[in-house]
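Heads up: the structure comes next, in structure tokens.
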Amino acid sequence: ETGVTQTPRHLVMGMTNKKSLKCEQHLGHNAMYWYKQSAKKPLELMFVYNFKEQTENNSVPSRFSPECPNSSHLFLHLHTLQPEDSALYLCASEGQGGFSTDTQYFGPGTRLTVL
Amino acid sequence: GQQVMQIPQYQHVQEGEDFTTYCNSSTTLSNIQWYKQRPGGHPVFLIQLVKSGEVKKQKRLTFQFGEAKKNSSLHITATQTTDVGTYFCAGRGGSYIPTFGRGTSLIVHP
């Protein structure tokens, strides 16, 4: 256990559905990240939140909508996804936010399948 | 933008053989971190290198940071089946946001 939890662990959804992924960290960290990990592709950075403010949006399609109500919680709202969005979605948190020596703590991920 | 290239993408070894993965950055890094992701798991932090020419060891794992702080390597001596997984490097340059390499998947044959 890294202190970062993600729910659900598995999700199957149709292209017209709306669902949300949740990430929660119990480490007192100030920065949280969403990554997408597809088979045979590197980790793709999606969004970064630092002290609840979004500091990075890596050209992510608008069908992915992040929300960070506080430093401990991060959501990824999904709507009208495409089959190519099927992937493992990883959440990570890091300590102080904005420091180059921070270590990333990853959650177990949500395995998303879009039918 | 900053790019971190990691090779090889896959490496098959017989148990007991050595293994090395390499990372090269297009820009000078302030530090580099290494992570391991077991099959079906998530990346887990292994180590961080900060100083030019730094070498760190963790049991059979040896990590090096190049003199120019643009490349790094992870070497595993006498691999075991427990070493199976994907090893990622992550470098930070001018931004505090890390850039991950593609990862090297290590397959160990008993």
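The values are calculated or read from the model by the stated rules, or taken from the named source; none is laboratory data. No experiment lies behind these values; they were computed from the predicted model shown. Please note: Cβ atoms are built from the backbone with ideal geometry, for glycine as well, and neighbour counts cover all protein chains shown. Accessible surface is based on the protein model in full, side chains and every heavy atom, while ligands, DNA and RNA are left aside. Shrake-Rupley method; radii C 1.70, N 1.55, O 1.52, S 1.80 Å.
If you keep only loop residues by DSSP, which trypsin sites (Lys or Arg not before Pro) in segment A:9-86 have at most 11 other Cβ atoms within 10 Å of their Cβ?
Details: sites: A:ARG9, A:LYS18, A:LYS19, A:LYS22, A:LYS36, A:LYS40, A:LYS52, A:ARG63; in loops: A:ARG9, A:LYS40, A:LYS52, A:ARG63.
Counting only loop positions with at most 11 other Cβ atoms within 10 Å, the trypsin sites (Lys or Arg not before Pro) in segment A:9-86 are A:ARG9, A:LYS40.
Overall form of segment B:45-100: oblate. Here a/c, set by the Cα gyration tensor axes a ≥ b ≥ c, is 1.5 or more, and a/b is not larger than b/c.
Take the Cβ atoms of A:GLU56 and A:THR7, set R0 to 22 Å, and the FRET efficiency comes out at 0.40. The share of accessible area on the protein assembly as shown that comes from carbon and sulfur is 51 percent, using a 1.4 angstrom probe. Contact residues in segment B:85-106 (at least 10 Å² less accessible area with all protein chains than alone, 1.4 Å probe): B:PHE88, B:ARG92, B:TYR96, B:ILE97, B:PRO98, B:PHE100, B:ARG102. Remark: relative contact order (chain A) = 37 percent; criterion is Cα-Cα distance under 8 angstrom and separation of 6 or more residues.
Here the convex hull built on the C-alpha positions of chain A has a volume of 97 cubic angstrom per residue. Using only alpha carbons, the protein assembly as shown has a radius of gyration to Kirkwood radius ratio (Rg to Rh) of 0.97.
Solvent-accessible surface of segment B:6-94, taken per residue with a 1.4 Å probe and all protein chains present: 47 Å².
Couplings for segment B:61-66, taken from phi via the Karplus curve 6.51 cos²θ - 1.76 cosθ + 1.60 with θ = phi - 60°, read 9, 10, 10, 10, 10, x Hz in order; Gly and Pro are left as x.
Given a Förster radius of 45 Å and the C-beta distance between B:GLN2 and B:THR77 as r, what FRET efficiency does 1/(1 + (r/R0)^6) yield to the nearest 0.05? The pair B:GLN2/B:THR77 has a calculated efficiency of 0.90. Residues of segment B:38-59 that bury at least 20 Å² of accessible area when the other protein chains are present, relative to the chain alone (probe 1.4 Å, heavy atoms, ligands and nucleic acids excluded): B:HIS42, B:PRO43, B:PHE45, B:GLN48.
Sort B:64-70, B:38-44 for me by packing, meaning the mean count of neighbouring Cβ atoms within 10 Å per residue, highest on top.
Packing order, densest peptide first, comes out as B:64-70, B:38-44.
Scalar couplings 3J(HN,Hα) for segment A:23-37, obtained by applying the Karplus form with A = 6.51, B = -1.76, C = 1.60 to θ = phi - 60°, are 10, 9, 10, 10, 10, x, 7, 10, 10, 9, 10, 10, 10, 10, 10 Hz; x denotes Gly and Pro. In order along segment B:9-24, the phi-based Karplus estimate (6.51 cos²θ - 1.76 cosθ + 1.60, θ = phi - 60°) of 3J(HN,Hα) comes to 6, 9, 8, 9, 9, 7, 3, x, 7, 8, 9, 9, 10, 10, 10, 10 Hz; Gly and Pro are listed as x.
Using only alpha carbon positions, build the gyration tensor of segment B:10-110, then give the equivalent ellipsoid semi-axes as the square roots of 5 times its eigenvalues, largest first, whole angstrom. Mind showing how you got there, number by number?
On the way: eigenvalues 112, 41, 22 Å².
One finds semi-axes of 24, 14, 11 Å for segment B:10-110.
In the complete set of protein chains, residue-level accessible area for A:TYR105 is approximately 90 Å², probe 1.4 angstrom.
A 1.4 Å probe over all protein chains sorts A:SER71, A:SER59, A:SER93 by accessible area into A:SER59, A:SER71, A:SER93, starting with the largest. Amide H to amide H, with H built 1.01 Å from N, A:THR55 comes under 5 Å of A:VAL48, A:TYR49, A:ASN50, counting only residues 5 or more places away or on other chains.
For chain A, the solvent-accessible area with a 1.4 angstrom probe is 47 square angstrom per residue.
Over both sides of the A-B contact, add up the buried accessible area with a 1.4 Å probe and give it to the nearest 100 Å².
Details: alone 6200 and 6050 Å², together 10520 Å².
Buried: approximately 1700 Å² between B and A.
Spin-label model, A:ASN70 to A:LEU27: label points 7 Å out along the Cα-to-beta-carbon direction sit 1.9 nm apart.
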